[in-house]
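Read the structure below first, then the notes.
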Amino acid sequence: MGKTLACKDVGVNCDFVITGKDEADVLRQAAAHAKDCHHDIQITPAVQAKIRAAIKEEGGGCCGGSCH
Ligand SMILES: [Zn+2]
């Protein structure tokens, strides 16, 4: 199962949702998206940590998919 990240879960007012095959893939796409759409956001280690915390299992339910 892949990973998914909603831009708004990182605290940005944006409906963009990223899906990737793993966390690194999502992080890479998030960096590319931020570069294109969020010129005010720098992908610092702190922002990366925030992104990692907001990444969910694709199709996850109550627990992000980890208990199913
Ligand atoms: Zn966005």
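The values are calculated or read from the model by the stated rules, or taken from the named source; none is laboratory data. On a predicted model such as this, the values are computed, not experimentally measured, just so you know. Virtual Cβ from ideal backbone geometry, glycine too; neighbours counted across all protein chains shown.
Data overview
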read-out: Restricting the stretch 20-49 to residues that are surrounded by fewer than 15 Cβ atoms within 10 Å (Cβ to Cβ) and of a type in the set (S, T, N, Q), the residue that is modelled with the lowest pLDDT; value: 42
read-out: Counted residues, the stretch 1-43 - those being away from the ligand (no atom under 13 Å from the Cβ), not acidic (Asp, Glu) and not in a helix (DSSP H, G or I); value: 8
